[in-house]
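These notes are about the structure you will find just below.
The values are calculated or read from the model by the stated rules, or taken from the named source; none is laboratory data. Keep in mind that this is a model prediction, so the values were computed, not measured. As a convention, Cβ positions derive from the backbone with ideal geometry for all residues, glycine included, and neighbour counts pool all protein chains shown. Side chains are part of the model used for accessible areas, which takes the heavy atoms of the whole protein and leaves out ligands, DNA and RNA. Shrake-Rupley method; radii C 1.70, N 1.55, O 1.52, S 1.80 Å.
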Amino acid sequence: MTRRSVIRRLVRHPSGLIPASWLTLLVFAAVFGDWITPYDPNEADFLALFEGPSFRHPFGTDELGRDTLSRLIDATSVALLAGVQAVGIGLALGVPIGLAVGYLGGWWDRIAMRIVDAIFSLPGLILAFAIVAVLGPGITNAMFAVGFLFSLRFIRLTRGSVLSTREEPFIEAARLSGAPTIRVLRSYLLPNIAGPLIIQVSISFAAVLLIEAGLSFLGLGVQPPNATWGTMLREARLNQSQSGWLPWPPGLAITLTVLAFNTLGDRLRDVLAEDPASSPPVVPPAEFAPVRPAASVDSDTTGVSGEAFEAVYSLSDALLQVRHLDIEVPTAVGPALAVRDLSFDVSAGDVVALVGESGSGKTLSATAIAGLLPRQVNIVGRSSILFKGDELVGSTDDELRSIRGAHLSMIFQDPMSSLNPSLTIGYQLAEPLRSHLGMNKAQARDHAAELLSRVGIPNPRNRLADYPHQFSGGMAQRVMISIALAAEPDLLIADEPTTALDVTTQKQVLELLVQASEESGMAMLFITHDLGVVAEIADRAVVMYAGQAIETGEVFETFANPRHPYTRALLGSVPLVDKAQKKLVTIPGRVASPSDNSPGCRFVDRCSVSVARCSEAPPPLLSLPSAGRIVRCINPNGSPDGSPTVSSS
Amino acid sequence: MYQPQRESRWESYRELVLTTASEALLFVDDVTVEFHRGHFARRRPVVRAVSAATIEIGKGQAFGLVGESGSGKTTLGRCVLGQQKPTHGSISISGKELSTLKARDFRATVQAVFQNPIASLNPAMSVGEIIAEPLRRLNGMKDRVEMRQRSEELLDQVQLPSRILDRRPASLSGGMAQRVSIARALAPHPSLIVLDEAVSALDVATQAQVINLLADLRDDTGVSYLFIAHDLAVVRHLCDEVAVMKLGEIVEHGNSETICGSPKHRYTQALLQAVPVPDPTVRRLRHRHTTSTAVET
Amino acid sequence: MGRTVAYRLVAALPLLVLVSILAFALVHLMPGSASETILGDGANPEAVAELDRALGLDKPLVTQYFTWAGNALSGDFGTSPLTGRSVTDTLTERIPVTLSVAIAGLTVAVLLGIPTGIWAALRYGRWMDRMLSLVTATGLAVPNFWIGILLAYWVGVRTKWLPAVGYTPFAEDPVEWVKSLILPGIALGIGSAAVIARQMRGGLLEVLDRPYIRTARSKGMSFRRVVVVHALKNAFTPVATVLGFQVSVMLGGAVVVEQVFGIPGIGGQLIRAVIEQDIPVIQGVVMFTAVVVIVVNIVIDLSYAAFDPRVRVQ
């Protein structure tokens, strides 16, 4: 992100614009204070003591009849200068030390951080007192003390960011490229930790203002008669019995300014987080399809040829029937459809694979079926998900809850993070048993042990008391499976359950899943990117591309005779372990983004057999007579004329 | 503690290698890496990440190092890159002991590409600056026009358009970013590139592009690869020779067609057995739903 | 448990030594020697040297440090050259008052902060969440002494519901003790309440996005159960860290708030000591706060085990 675009985005939102305006006003007051104060801030007027707000004195007068507004304006420069001093010292000391110890590591780091942590854990104010005691009262000394203390914040922050950035492979790559250490620090580390540092500067300004006000309030900072917000409060407290109004103007000035710095810091964090890599806003790359702003997409225009579709789907009595599923996700350019018009069936006892590359929408679809979509991701359009005849779309969380776990379970990619780290395995396993099967504690424990032994965990009774971190990845996935199977569901949704595992472990887990499904007649919806896994376990495959199902069919048929150009290319691109291959088939270009609403086929830019017609209108869903094959292509045979010849094979 | 069994055939393999090692590009001789865990107060037993590994890579050869997580393959790769000092044994490049090489010469000879494509590129630099870094530091290039020209050549070699020189890594796709990394690694004309899981984070279609690219580059430039991966299929496709690692030890070593075709070691056999094959007609886990319900276990 | 405590205590020793060196160094960092300060400007050099000898200031620094540290260990921080009183006596008299104020502030912070944070997290993105985030942002920005001034005036002086100034020791009258601490507690606690609320909200939201929460939901657990059993416990660990840090903030803040409410804690003494460069008092206070901070951090460390089994096993 360029500096200008950061500032533009910062003030686009009121939470950035308001504090920025307030601080600009303060800087103006600090610079031009002498010209704009209506009165001399230190001039007493004994005829106008303790006046409330009036036309003559908008914020009233104090115990010496001095104009409060003038004193407030006069104090601005002291407050801001104090901030600049302290934060400047903090940065100048903290960043180089933090960079050095973070990058050097080892004993340097350990000793430095011990000292920093030790000082940091003590109350800052009391340390500031100690330093002021040595140097003597006065604002410059006080700010030196505060600056020194704040350098600790910057050391910690810089060092922490360096430590997390240092392990990034691009730092390793920099060393491989021969960049000397100084250059690595300056050009590789520093720019990448600038964001957090700027945020910290803003927040530190706020904290310095509070401390400066506190020290001045106690009489250790700015000395009278000079006005600062802190000394004004000090005087206000002494004269409170005369005037309840006096504490308000300086108090509000401090609060608003601190609030402004904090809010600006927060807003800055949001802006930088919108684009963590701090790169320029994504310009549509010329070689790819142009990104268009998302308009509301009418599902009907994605063209389901009614007849062909009905032929396969109308009389379905499948366990799970997904129809016209549209899922909307938020993107930088507004909401976009990440899943478009997805329809498929899972019959009782079937293993159906939802297969696709990243960005195909397979995981979103699976999560949607279980009703576990993240915040801000919504099912839209005329979507329907029928499970055992019940419509899940639009059901309340309470209604879904009686289905989840009991009739429909789910397992996930990373077993370790999918188990609650602070609860025992036994507890997590007993939960569904007690709530869905109504077991009591003892029954649940016995049954849990049995479930664990069924998924091949040795010594199950003793392992019930263990926590997830005491299991290996493969074992943890077995535990997840036993939890999912606990209430004997009719459908298991498995979202890339073996992707994080080694191949030998993967094989065992797949065996376990296949065995479980065959023993109990449980159906499985298996989400994977691995065509090998699909071939190993699935009965039917739904191949997804850019949010759409582009080919659906029985696995043997689909692999032997893929009809969609994408399926064909995908199968050709997989390296094989059991055969020697020539060149792998490649698919040029890049997956269409969810916000790309071009009228034609979503694969057209990458397709090797596309014709002009492909980019004009969405391809129809064609049903082929053989074994429930459905293809979203006008040319399912790859014949060059592009006519929808449908033949049985 | 895990005690490696030193089988006699590996001694003989080492002896065999020793006779040819003078011509080899990379010679990893009997390398062992041990880690000490914990601080001095609570010292835990030594972990042997690599034990007595010997490999030899010839000029223009693609050598695959295969193993599951914890097999020590990445640690061995780090040794070759000079990022990890072997506890025992030596590594030499073109007959010169690694520790005797000057840093700059070593970097210009051995380069690397890592797993995570986007994270391997400095988000604060443009593609052009990233590629220019080794040109300036390792090739001593100073002229801007010359650097730009060479960068464009390198991009062309990895089949990227030269207009992406001004782009930031965040706006690249995974496949493009990985090609930029490859271009960066190719810049100093290295003799060996260590590819540590360089294609495993990519989608199948993109992976195929990068694998083809790597194969072409080797044919064109004669660079050697040490290809570290968990995926046997990818290794078979790209490499001439394979070493299979398990718990720090090289358990089997040889021509990749032979190893994938008729593995000798039990572990290699198990590994090959476990790789899912994208062909339902040879599937082992689930039989056709309608015909059989029996399971092989 | 006992071993863990012992280990933590040993691990805290370097911190204590470091702080003691810093505290000891204060005397020597000051322009002019302690004897000059005591005897005042224009004292004759022989008298200064005499006093130096009497105070042991002529010995090598290391010897001086060990003498000082040894005395400090036995609870003797020397005598204030200003008042002539033993620092230890002043501390034992004043510290309980300051601790009372700090605890009052912490109580307010926890009682206000934790429920607010949970409430805001569960109403994420809605009207109430935005409202509360504005409130906590303001809470972070208000100086505690300003709130103190306003409370003392509007609640103390105007309505007379609670005492505006002064302090009643617990031993004298527990009810009055509590009453005298309510306003200082609020003034002191509001800022930390905001910090805790924000951490609680952020932590809970982060935990609610974790995969294991999805697992719990996929098992069909009720919303209430997901939050209470699966999320809260994991969200508390970072809150405990923040809480430990807030104890330190409270100790510093108490010094200021005491001034507003005219409470005879250590604050007044400390401020006078800073102005008059009465170093032994400052040394005593610094060492004392270091000990409190160390103890609190050990308690916090131990509490992690209650929230996170991974810590327990190590």
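For chain B, the share of DSSP beta bridges that are antiparallel, to the nearest 5, is 55%.
Helix-only arithmetic for chain C: the sum of -39500 (n - 2.57) across DSSP H runs with n ≥ 4, divided by the residue total, places the mean residue ellipticity at 222 nm at -25000 deg cm²/dmol. Considering only B:SER256, B:SER171, B:SER151, the Gaussian network model of chain B with Cα springs below 10 Å gives its largest mean-square fluctuation to B:SER171. Burial annotation for region B:120-136: residues with an accessible-area loss of at least 50 Å² between the isolated chain and the complete set of protein chains, computed on heavy atoms with a 1.4 Å probe, are B:ASN122, B:PRO123, B:GLU133. The accessible-area loss of region B:189-211 on complex formation, taken against its chain alone with a 1.4 Å probe, reaches 40 Å² or more at B:ASP203, B:VAL204, B:ALA205, B:ALA208, B:GLN209. When the solvent-accessible area of region A:74-278 is split by element, carbon and sulfur atoms take up 66 percent of it, the probe being 1.4 Å. Screening chain C for whole DSSP H helices of 20 Å or more along their axis (Cα) with average Kyte-Doolittle hydropathy at least -0.5 returns C:2-29, C:87-122, C:127-141, C:174-208, C:233-261, C:279-307. Only helices enter this figure: runs of n ≥ 4 DSSP H residues, each worth -39500 (n - 2.57), summed and divided by the residues of chain A, yield -15000 deg cm²/dmol at 222 nm to the nearest 500. Estimated at 0.36 nm per residue, the fully extended path between A:ASP446 and A:ARG613 surpasses their Cα-Cα distance by 53.8 nm.
Candidates B:GLN84, A:SER384, A:PRO96 compared by Cα position along the dipole of the protein assembly as shown: farthest toward the positive end lies B:GLN84, with charges placed on Cβ. Note that region A:85-102 has calculated 3J(HN,Hα) couplings of 4, 5, 5, x, 4, x, 5, 4, 7, x, 5, x, 5, x, 4, 5, 5, x Hz, one per residue in order, obtained from phi through the Karplus relation 6.51 cos²θ - 1.76 cosθ + 1.60 (θ = phi - 60°); glycine and proline are x. Placing a label point 7 Å from the Cα of B:GLU23 along the Cα-to-Cβ direction, the residues of region B:95-111 whose backbone N falls under 16 Å from that point are B:95. Going by the alpha-carbon gyration tensor, a ≥ b ≥ c the square roots of its eigenvalues, is chain B rounded (a/c under 1.5) or, if a/c is not under 1.5, prolate (a/b greater than b/c) versus oblate? Oblate, because a/c is 1.5 or more while a/b does not exceed b/c. The A-C contact accounts for roughly 6000 square angstrom of buried accessible surface, both chains included, probe 1.4 angstrom. Within chain A, antiparallel bridges make up roughly 60 percent of the DSSP beta bridges whose residues both belong there. If R0 is 41 Å, the Cβ-Cβ spacing of B:LYS264 and A:SER598 corresponds to a FRET efficiency of close to 0.15. When the accessible areas of B alone and A alone are added and the area of the pair subtracted, with a 1.4 Å probe, the result is around 6300 Å², both sides summed.
When every Cα-Cα distance of the protein assembly as shown is counted in 10 angstrom steps from zero, the calculated P(r) takes the values 2, 8, 14, 18, 18, 16, 12, 8, 4, 1, 0, 0 percent. Shown for region A:372-388: residues covered by the partner protein chains by 30 Å² or more of accessible area relative to the chain by itself (probe radius 1.4 Å), namely A:LEU372, A:ARG375.
With a Förster radius of 22 Å applied to the beta-carbon distance between C:ILE21 and C:LYS59, the computed FRET efficiency rounds to 0.85.
Annotation: per residue accessible area for the protein assembly as shown equals 42 Å², rounded to a whole number [probe 1.4 Å, protein chains only]. The GNM of chain B, with springs linking C-alpha atoms under 10 angstrom apart, assigns the highest mean-square fluctuation among B:LEU172, B:LEU285, B:LEU160 to B:LEU285.
Taken residue by residue and averaged, Cβ atoms of other chains lying within 10 Å of the Cβ of C:135-144 number 6. The accessible surface of region C:114-251, taken with every protein chain in place and a 1.4 Å probe, is 66 percent carbon and sulfur. Distance between the 7 Å Cα→Cβ label points at A:LEU104 and A:SER241: 6.0 nm.
Placing dummy labels 7 Å off each Cα toward the beta-carbon, the span from A:ARG186 to A:VAL377 is 4.4 nm.
In a simple Cβ point-charge model (Lys, Arg +1; Asp, Glu -1; nothing else charged), region A:475-603 has a dipole of about 800 debye relative to its Cα centre. What FRET efficiency comes out for the pair A:ILE111/C:TRP177, r = Cβ-Cβ distance, R0 = 35 Å, nearest 0.05? In this case the efficiency is close to 0.20.
The long axis of helix A:106-121 is offset from the longest Cα principal axis of chain A by roughly 60 degrees. Label sites at A:ARG461 and A:LEU64, each approximated as a point 7 angstrom past Cα along Cα to Cβ, lie 8.6 nm apart.
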